[in-house]
Every structure is written in C-alpha cells, then in structure tokens.
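Every number in this text was worked out from the coordinates using simple rules, so none of it is lab data. Values in this document were obtained by computation on a predicted structure and should not be read as measured data. Cβ: placed from backbone, ideal geometry, glycine included. Neighbour counts: every protein chain shown.
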Amino acid sequence: MRTTYREAVRMALREALARDPRVFLMGEDVGRYGGTYAVSRGLLEEFGPERVRDTPLSESTFVGAGIGAAMAGMRPIVEVMTVNFSLLCLDQIVNNAALLRHMSGGQVAVPLVIRMATGAGRQVAAQHSHSLEGWYAHIPGIKVVAPATIEDARGMLAAALADPDPVLVFEHAALYGLEGELAEDAGPVDIARAAVRRPGRDVSLVAYGGTLGKALAAAEALAREGVEAEVLDLRVLRPLDVEAILASVRRTRRAVVVDEGWRTGSLSAEVSARIMEGAFYDLDAPVARVCSAEVPIPYPRHLEEAALPQPEAIAAAARRLVGHG
Amino acid sequence: MSEPGTAAVPSREHGLALLSDMLRIRRLEERCAELYGQGKIRGFLHLYIGEEAVATGAMRALRPEDAIVATYREHGHALLRGVPAAALMAEMFGKATGCSRGRGGSMHLFDAGRRFYGGNAIVAGGLPLAVGLALADRLRDERRVTACFFGDGALAEGEFHESLNLAALWRLPVLFLCENNLYAMGTAIERHQAQLDLTLKARGYATAAESVDGMDVLAVEAAARRAAEYVRAGEGPFLLEAKTYRFRAHSAYDPELYRPKEEVERWKQRDPIPALEATLRAAGLLADEDVAGIEREAAREVEEAVAFAEASPWEPVEDLLRDVYATPEGRGGGAP
C-alpha cells in the first residue's frame with residue numbers, strides 16, 4: 001500500500017493501543033491537537049482521553065510519570081515534541097530511566113518507550129533543529145533507535161514496547177512526509193541489527209535516520225561514475241551493531257560515516273573508532289566523516305543546507321577515499 | 001499547623017510500637033555513623049537522626065499495597081517498610097546480599113517486592129516517579145496510595161511544581177510528604193524560599209495541604225492518616241508538611257558552618273523519642289523495663305545486621321556489567 005512515514009508511525013501506535021491495555025500514549029498535544037506532526041491524529045477519538053493523554057508543558061514530570069508507570073507494569077509511550085525539548089527531562093531519562101534497574105540491583109525494570117522528533121531541514125532555527133540522539137547513545141541503560149524507513153517507522157514500535165528496558169525512538173522530523181510502499185502485512189521488525197540498504201563493493205556509507213536518504217542519493221550519484229557504494233543503515237544507535245559495521249567495511253575497505261550531529265564527540269566518532277578498533281588492517285583509506293557544521297542550525301535556507309550533511313558532500317568524501325576525488 | 005496535643009494518647013501497645021520504631025531507626029543509624037568512621041560504610045551517609053517521628057508516623061498510615069518513593073535520607077523509611085535491617089546494612093557495606101545487591105549503597109535502597117522504590121538521590125527527581133506510579137494505579141482502577149517523601153530543598157526544583165500541578169490536574173492518588181528540616185543541605189529555608197507557608201504553595205496547585213509538627217510522632221501519624229484517607233478516597237493528591245530538624249550533619253562531609261550550635265541544641269530539646277516517652281509515662285503507659293526491652297531488641301537487630309553484612313560476600317567483579325539491561329549489553333531486541 002502507498003503510505004507515509006507519519007501514517008506508518010500512527011498505524012504502529014494504533015496497533016499497540018488496540019493490542020495491549022497496558023499501553024497508553026502521553027505527551028504535549030498528542031490528543032486534541034493530533035500531535036505536533038499530526039502523527040497521533042484520530043487516536044484520542046478512537047481510544048479516549050485516559051489512554052491518549054494530553055499533558056501540560058512539563059517534560060520532566062510527564063517523562064518521569066512515564067517511568068513511574070512503567071515501573072508499576074504499564075507500557076507507556078511518551079512523546080516528547082522534539083529532542084531539543086528533551087533537555088528539560090534529561091534528568092528523568094538519564095538519572096532515572098537509565099539507572100533504576102542497576103541502582104536497584106535488577107529489581108526495577110522501566111519498560112518505557114519515549115518517542116521524539118529530531119533533526120533539521122525545515123527552517124525552524126537553532127532551538128528546534130538539533131540532532132542530539134548521539135548524546136543518548138552514550139548512556140548505558142537505555143536503547144536508542146532511529147527508524148529511517150517507512151517499514152521501520154511501522155515496525156520498530158512493537159519491538160520497543162516488547163523490550164524490558166527503556167527505548168528512545170528518534171523520528172527525523174523531515175521524514176514524516178516521506179511517501180512509499182508498505183506491505184499490507186507489514187508488522188514488527190527487530191531493534192537489534194543494522195541493515196544494508198544498498199549493496200556495494202567500493203565504499204561503505206554508514207548513515208541513520210534522516211541521513212539515510214542522503215546517503216542513498218549519494219550512492220546513486222556515485223554509481224553513475226562507476227563507484228559502487230554500500231549503504232548501511234545503523235537503525236539502532238545503542239547498542240550499536242558493530243558486527244554489521246565491520247562486515248561492511250571489510251567488504252569495501254573504505255567508510256564514510258554520515259551523522260547529522262556535530263562531528264565533535266559524536267556518534268560518528270564512535271562508529272569511526274569502532275572501525276579503527278575492529279577493522280583497521282582491512283582499511284585502504286582513513287575513515288571519513290560527513291557531519292553537521294559546528295554551528296547552531298541557522299534559519300535561512302541556504303545556510304541551513306550548508307550546515308547539514310548533503311548528498312554532494314557524502315559523494316565527494318567517498319570519491320576521495322576511492323581515489324576518484 | 002495542627003495544634004500540639006490534638007492527637008489522642010495512644011493505646012499502650014500502639015505507643016510502644018511507635019517508640020520502638022523510632023528507636024530502631026535511631027540505633028541503626030548511630031551504628032551506621034560508627035561504621036562510617038571505621039570505613040565499613042563509604043560514600044555519602046545521610047542520617048535521619050532527629051527526624052524519626054516523620055517516617056514513623058507517616059508509615060503507619062500506609063498499607064502494604066501502597067507504594068513509597070523516598071529520598072537519599074531513607075534508611076528509616078526502608079526499615080519501617082519492612083526491609084530487613086540485615087539487607088539494609090549489607091547494602092550500605094556494598095555487599096551482594098544488600099537490598100539493592102550492593103549496587104546502590106546508602107542512597108539507593110530498593111525493595112520492589114515491598115513497593116519501596118528508592119532511595120532517590122536527585123533532589124525532587126522522585127516526585128515525577130510517584131506521579132507515574134499513581135497514574136498506573138488510576139489506569140488500572142487500583143485504590144492505592146503512592147507516598148512520596150522529599151525535603152524542603154525540593155520545593156525550589158521545577159519538578160515539585162510540575163508534579164503537584166499534574167497530580168492535581170489528573171486527581172492522582174499521591175501523598176506528597178515534605179520533610180521540612182529547614183535546610184536544603186546548608187541553605188536555610190528562608191534563604192531559598194520566598195513563600196514559607198507550604199500550604200499556600202499547595203493551594204496554588206488546587207491541592208489539599210496540612211502542616212504538622214514533625215517532632216510529634218502522634219501528630220504526624222494522625223495527620224498522615226487523614227491525608228492518606230483523603231488520597232485513598234480518590235479526592236486527589238495531598239501535601240503534608242512535617243516540620244522537623246536534622247540533628248546530625250547533612251552528610252559525613254559536612255562541617256556545619258551554616259547553623260549555630262545553639263540552634264541545634266534547642267531543637268534537640270524537642271527530640272521526638274524522649275518526647276513520646278514522656279507522653280507515655282505521663283499517661284502511665286510506659287515503664288522502665290519497657291524501654292529497656294525495646295533498647296535490647298533494637299541493639300540485637302542492629303548487631304545481627306552488622307554481623308550479616310560483615311559475613312556477606314562481595315559480588316564477583318566478573319558480574320560488573322549485570323543489571324544494566326535485562327540482557328547482557330542490551331542484546332536481543334528481536335521482532336516480537
């Protein structure tokens with residue numbers, strides 16, 4: 001069926017609410033408004049205000065309440081409008097959700113799902129555009145996933161809800177309108193492995209979330225020049241599927257890591273380090289990275305575009321590695 | 001604030017039980033302080049000495065099915081909730097037999113089976129958890145109370161205000177218990193709060209509130225019972241403030257430069273333990289041998305706990321990475 005990323009997330013939410021009475025959705029404007037990105041439109045009418053709960057603008061408390069409800073055996077899905085606002089609940093995510101199992105000696109589980117939008121590309125300026133998922137991927141005790149395809153937007157939520165640990169789902173805001181085909185019987189997918197989205201032999205383009213499409217566009221351009229790029233979608237940012245990363249790099253002997261986060265101290269730095277640790281002698285060239293410029297995301301379109309990883313820059317980095325630069 | 005003396009004189013049995021509870025906490029913590037000096041307990045050790053009437057009175061209002069969220073000054077709360085003293089002491093030693101397998105220490109006592117959810121060391125960080133525990137009860141139609149203890153320092157945190165507002169907005173069954181010991185670590189309440197009347201803060205969030213003398217265990221118990229009944233009846237949250245005082249330093253690292261010794265001495269005159277003893281004696285309900293018996297039992301409990309902790313094994317270093325995720329390193333995550 002023809003659908004969108006937004007619709008796919010909504011299908012997943014609807015299925016979760018219908019299937020399990022422990023599941024409820026909570027967040028700012030998820031109910032009457034229908035979700036900031038219109039993801040949850042119609043769910044309030046379908047499931048009622050007890051299970052689709054509009055919250056005050058109190059990120060720390062409604063995320064903490066999600067943690068508390070999960071501790072008590074519920075399966076809350078908490079929506080934080082964007083990762084930028086999640087800094088108001090960083091304490092609850094990092095000091096509670098991630099630590100409770102350990103601090104309690106394994107007694108307290110937090111089977112919570114937190115969804116948030118991330119990323120730039122819509123000219124909404126610095127306080128609504130950043131990609132901070134790499135920070136969260138630093139924290140032991142939480143899992144971090146980034147659906148980049150319609151199939152993953154549809155299927156990752158069920159796996160996240162089935163997980164006994166807190167899972168953060170990062171939906172790139174520019175992807176909600178993405179259109180594509182989804183199998184009628186599309187269902188749950190794993191949240192364990194990276195996926196090769198395009199096979200190739202000359203260079204690996206490692207991307208996730210909002211940069212997957214750009215990496216695929218770069219691979220198209222490279223193919224026209226005779227360079228066969230493999231595109232690896234990380235899918236899960238913590239725990240990283242290091243085996244899949246290393247396997248791809250061993251095939252191609254070159255890697256470009258693409259990350260919408262800033263380069264310094266980033267997820268791309270982690271991926272690069274893992275490649276160096278695990279596949280150094282398989283490399284024919286140093287690992288390259290294409291990240292956001294080290295600047296808060298600016299408002300004007302031309303500057304925003306210049307600040308973000310773009311297909312041209314990814315292709316250029318790949319060309320340099322294969323000696324076509 | 002409730003008028004002093006409004007709580008009726010308890011039965012002999014009940015009076016002795018309250019006295020015993022307070023003394024058990026006091027003796028346990030006095031021993032903890034010694035053990036800290038000997039290096040057996042490390043890290044931070046926040047003693048409740050002086051404040052025992054608050055937990056003792058409040059716990060009497062709670063039932064086994066209720067949930068408790070406490071702070072890092074929670075040894076007494078855990079003990080009265082029924083966490084064995086041995087498991088508490090082993091936890092403070094960092095032993096594998098501790099109530100949190102030794103991973104938490106003094107500030108992170110947990111007992112999920114008794115619905116004792118920490119042991120939370122971020123000031124006010126436990127309030128949203130309590131709101132969530134109560135929300136779960138509400139969604140499942142469980143008539144239970146979640147009691148959330150916090151100090152006056154939490155009043156300045158955003159989470160206090162957010163949590164009161166949300167609990168009141170959704171009429172959730174949370175009993176907020178402010179243990180106002182007049183200091184946020186070393187900052188006196190008049191130096192961190194513009195409005196000292198806590199019941200007014202609660203009113204700002206359409207929440208029922210009462211203030212009680214936290215040095216009077218009978219008054220605390222009576223107020224806590226009223227408050228818990230209100231919450232259990234589905235009327236929404238309740239904020240109970242107990243005015244109390246910490247006799248010891250904030251933690252073992254505190255040189256106490258911020259408060260005059262005379263102030264501490266003045267409050268020690270109001271020590272809740274001798275105060276209850278006096279009440280019971282005046283009513284003819286307490287004899288010397290009763291006190292001796294309680295002391296003997298408390299001492300035995302403490303020494304058995306210490307012996308257990310001493311004899312307990314350390315967790316093997318090979319287990320370092322356990323209990324971060326449900327599975328090693330969070331592996332798994334297959335499609336359900």
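Tabulated results
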| item | result |
| --- | --- |
| Hits in segment B:309-325 - residues which are crowded, with 19+ Cβ neighbours inside 10 Å and part of a helix (DSSP H, G or I) | B:309 |
| Restricting segment A:109-123 to residues that are in contact with a Lys or Arg (Cβ under 9 Å, 6 or more places away or on another chain) and surrounded by fewer than 23 Cβ atoms within 10 Å (Cβ to Cβ), the residue that is farthest from the other protein chains (Cβ to nearest Cβ) | A:123 |
| Odd one out for residue B:140, checked against (1) within 22 Å of residue A:23 (Cα to Cα); (2) more than 20 Å from the chain's Cα centre (by Cα); (3) surrounded by 24 or more Cβ atoms within 10 Å (Cβ to Cβ) | (3) |
| Contacts under 6 angstrom Cβ, first residue in segment A:138-165 being away from chain B (no Cβ under 12 Å), partner buried (at least 22 other Cβ atoms within 10 Å of the Cβ) and of a type in the set (Val, Ile, Thr), 6 or more apart | A:153/A:9 |
| Segment B:105-132 residues that are more than 8 Å from chain A (Cβ to nearest Cβ) and on the phi > 0 side of the Ramachandran plot, paired with ones that are among the aliphatic types (A, V, I, L, M) and part of a helix (DSSP H, G or I) (beta carbon under 8 Å, 6 or more apart) | B:105/B:92; B:124/B:154 |
| Condition broken by residue A:83, with the remaining ones in (1) more than 14 Å from chain B (Cβ to nearest Cβ); (2) more than 20 Å from residue A:160 (Cα to Cα) satisfied | (2) |
| Residue count for segment A:269-298, restricted to those that are under 22 Å from residue B:333 (Cβ atoms), among the small types (Gly, Ala, Ser) and touching a residue at least 60 places away in the same chain (Cβ under 8 Å) | 0 |
| Count of segment B:209-243 residues which are part of a helix (DSSP H, G or I) and on the phi > 0 side of the Ramachandran plot | 0 |
| Count - residues of segment B:71-99 that are more than 14 Å from chain A (Cβ to nearest Cβ) and out of contact with any Phe, Trp or Tyr (no Cβ under 7 Å at 6 or more places or on another chain) | 5 |
| Hits in segment B:147-176 - residues which are within 10 Å of chain A (Cβ to nearest Cβ), within 26 Å of residue B:245 (Cβ to Cβ) and not hydrophobic (A, V, I, L, M, F, W, C) | B:157, B:159, B:161, B:163 |
| Given (1) in a loop (DSSP other than H, G, I, E, B); (2) away from every other protein chain (no Cβ under 14 Å); (3) within 29 Å of residue B:105 (Cβ to Cβ); (4) not aliphatic (A, V, I, L, M), index of the condition residue B:284 fails | (3) |
| Enumerated strands (runs of 3 or more DSSP E) restricted to segment A:168-276, each holding at least 2 residues that are in contact with a His (Cβ under 9 Å, 6 or more places away or on another chain) | A:255-262 |
